[in-house]
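Worksheet: one structure, shown below.
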Amino acid sequence: MTLSTSEPKGSARERLLVRLIDAFQEAFPSPEMSLREIAARIETSHALLRYHFGSLPGVLAAMLTAQRSRDNESLLEAAHQGTFNDFVTAIWRTYTQPEQLSRVRGFFFVAGLAAYGPEDFQEFVESTDDLTGVLASLAEREGLEPNDARKVATVTIAAFRGLLLQELLTPGTRSEDAVTLILRIREGLPAPRSLPEL
């Protein structure tokens, strides 16, 4: 999904998304805001938001999906030019900027809701795998077998999310060497084919 903030085109839902993203910029709306307050911010009715997005969490999920799609377009340029390590560094820098903090909080809020009802957040859930595919392609290009490349990419994204969650829960404890530690995942010994019995 590509959203341009220039001239609104496409469906009414897409036009509303453009207005939402323009209105909030990087200051992602808090889940404590009401649908009416969000509607007032973009000068529309809460009934229209409810019609197109279903609920406040639906609005937040759609905004996150669209914003991450926009971020990914910029990140993909780094993927074309650089290595696996370059791309990992670019992702980390993108999502650890202070202005991204409200969006990171929003991500974990919506992800928590999606864990209870993934069918209600299908577009959001599908979008969470976008960067994993790109990382897997880069790892494969650099010599890993497809299966191993996918595993390394999956664990790398999981490490990102775990470290971001840790930073939200205990601010200031993120290791300065977080990216180095994440990159070591790829350089370490191959994982065992099956887990040892407990």
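Laboratory data are not the source of any read-out in this text; all were calculated from the coordinates shown. Computed from a predicted model, the values in this text were never measured in an experiment. FYI the Cβ positions are ideal-geometry reconstructions off the backbone, even for glycines, and counts take in every protein chain you see.
Data for the structure
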read-out	value
Those helices (runs of 4 or more DSSP H) lying entirely in the range 91-154 with at least 1 residues among the polar types (S, T, N, Q) and closer than 24 Å to F24 by Cα	101-116, 122-127
Candidate set from the range 70-83 (those that are assigned to a helix (DSSP H, G or I) and out of contact with any helix residue (DSSP H, G or I) (no Cβ under 7 Å at 6 or more places or on another chain)); member that is farthest from S137 (Cα to Cα)	R70
Given (1) over 23 Å from H52 (Cα atoms); (2) surrounded by 13 or more Cβ atoms within 10 Å (Cβ to Cβ), number of the condition H80 does not satisfy	(2)
Every pair of residues 6+ apart whose Cβ atoms lie under 6 Å, when the first sits in the range 53-68 and is assigned to a helix (DSSP H, G or I) while the second is of a type in the set (D, E, K, R) and surrounded by fewer than 22 Cβ atoms within 10 Å (Cβ to Cβ)	T65/E123
Tally, over the range 155-174, of residues that are over 22 Å from E73 (Cβ atoms) and in contact (Cβ under 8 Å) with a residue 12 or more places away in the chain	7
Output for the range 86-131, where each listed residue is hydroxyl-bearing (S, T, Y) and surrounded by fewer than 17 Cβ atoms within 10 Å (Cβ to Cβ)	T94, S102, Y116
Of all residues in the range 17-52 being hydrophobic (A, V, I, L, M, F, W, C), over 16 Å from the mean Cα position of the chain (by Cα) and outside any helix (DSSP H, G or I), the one that is nearest to A114 (Cα to Cα)	M33
Complete set of residues in the range 72-100 that are touching a residue at least 40 places away in the same chain (Cβ under 8 Å) and not polar (S, T, N, Q)	E73, L75, L76, A79, F84, F87, V88, I91, W92, Y95, E99
